[in-house]
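The values are calculated or read from the model by the stated rules, or taken from the named source; none is laboratory data. As the structure is a prediction and not an experimental result, all values here were calculated from the model. All Cβ positions, even for glycine, are placed from backbone atoms using ideal geometry, and neighbour counts span all protein chains on display.
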Amino acid sequence: MSESEYRSLPALNASRFKAFFRSPYHFRNQKEVETTEAMRIGTAIHTAMLQPEDYLKTIAYFPDVDGRTKEGKAIKQAFEEGAIGKTILKADSEAVVLRAIKAINQNSDWQRMAAQVSIRKELVLLGKLAGIDCKARLDIIDVENGIIRDIKSCDDVSGTKFKYTVKDRMYWVQAAFYCLLAEECYGKPFSFEFIAVETSEPSTCAFWQVSPEELVKWKNAVLLRLFDYVDCNHSDFWEGPQGGILEDLNIV
């Protein structure tokens, strides 16, 4: 299934649902997220690792030329004509992507996982959660062994930093959403692992498994908000964040 086909499916996905944790109002009024260079780098890394046969077909790097010169303008025009429909990154982003790809390929956990015949990549799941039509596109799933894995590019994969990234970017919502939907589709429990790769130099890669206890907390939190989402749909009332008392800031 192509990305455009997946996006056209009329179902709730984790990326969109993250806004509901800010408030129902923010979810209801969210706009299409503007693609950043960091997001394009992430797309390139995902494509190279999960769909290598499509990498050269869908990813292109802008040539490092002076667009003010006659020669530079000609090269730029030829590039743009040949890159229609592709994800275009800056010239210096290619080194970042290649460095990240190398870090993943050299990781022993990745090598062991890639050798398993039971894994499937870029699998689309469709099902219902709390009675809501939901969809997910999983990076890697091993149905036989009950494991879902997701590639995340970031600046720092060390434990303290990556834990903050998971919270700040709400990757935990995505992890819980994926596991809940997979469990609904396959009727068995799933564990979850992040494959974290650094885009900063020098790039390294680390596999981070979510503990069963932590994953239960995440899934319960997501289920609770899904039921809140159902209530908002029924009442058509989408309230914003509620104020309260600020305390325990620990600023001293």
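What the table shows:
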{"quantity": "Which listed residue is β-branched (Val, Ile, Thr), assigned by TED's automatic domain parsing to the domain that holds Leu224 and farther than 20 Å from Ile45 by Cβ, from Val197, Val157, Val117, Val166", "calculated": "Val117"}
{"quantity": "Restricting the range 147-177 to residues that are among the charged types (D, E, K, R) and in contact with a helix residue (DSSP H, G or I) (Cβ under 9 Å, 6 or more places away or on another chain), the residue that is nearest to Tyr229 (Cα to Cα)", "calculated": "Arg169"}
{"quantity": "Among residues of the range 21-53, those that are part of a helix (DSSP H, G or I), without any contact (Cβ under 8 Å) to a residue 12 or more places away in the chain and either in the same structural domain as Asp228 (by TED's automatic domain parsing) or loosely packed, with under 12 Cβ neighbours inside 10 Å (or both), counted", "calculated": "2"}
{"quantity": "Cβ pairs under 8 Å, 6+ apart, first in the range 135-158 and at positive phi, second not polar (S, T, N, Q)", "calculated": "Gly146/Lys188; Gly146/Pro189; Gly146/Phe190"}
{"quantity": "Unmet requirement for Lys76, which otherwise passes all of (1) surrounded by 15 or more Cβ atoms within 10 Å (Cβ to Cβ); (2) assigned to a loop (DSSP other than H, G, I, E, B); (3) of a type in the set (Lys, Arg)", "calculated": "(2)"}
{"quantity": "Counted residues, the range 214-252 - those being exposed (fewer than 13 other Cβ atoms within 10 Å of the Cβ) and touching a Phe, Trp or Tyr at 6+ places or on another chain (Cβ under 7 Å)", "calculated": "2"}
{"quantity": "Selection status of Glu247, in a helix (DSSP H, G or I) and over 17 Å from Lys135 (Cα atoms)", "calculated": "no"}
{"quantity": "Any hit, the range 87-97, residues being in a loop (DSSP other than H, G, I, E, B) and surrounded by 14 or more Cβ atoms within 10 Å (Cβ to Cβ)", "calculated": "no"}
{"quantity": "Residue within the range 174-196 that is surrounded by fewer than 17 Cβ atoms within 10 Å (Cβ to Cβ) and farther than 29 Å from Asp142 by Cβ present", "calculated": "no"}
{"quantity": "Pairs with Cβ under 7 Å, 6+ apart, first in the range 82-93 and at pLDDT below 90, second surrounded by 13 or more Cβ atoms within 10 Å (Cβ to Cβ)", "calculated": "Ala83/Ala60"}
{"quantity": "Residue, farthest from Cys134 (Cα to Cα), within the range 202-236, restricted to residues that are in contact with an Asp or Glu (Cβ under 9 Å, 6 or more places away or on another chain), in contact (Cβ under 8 Å) with a residue 40 or more places away in the chain and not aliphatic (A, V, I, L, M)", "calculated": "Thr204"}
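Per-residue answers, yes or no, for (1) part of a helix (DSSP H, G or I); (2) over 28 Å from Pro24 (Cα atoms); (3) among the aromatic types (Phe, Trp, Tyr); (4) out of contact with any strand residue (DSSP E or B) (no Cβ under 7 Å at 6 or more places or on another chain):
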site	(1), (2), (3), (4)
Glu144	no, yes, no, yes
Glu201	no, yes, no, yes
Trp208	no, yes, yes, no
Trp218	yes, no, yes, yes
Leu223	yes, no, no, yes
Asn233	yes, no, no, yes
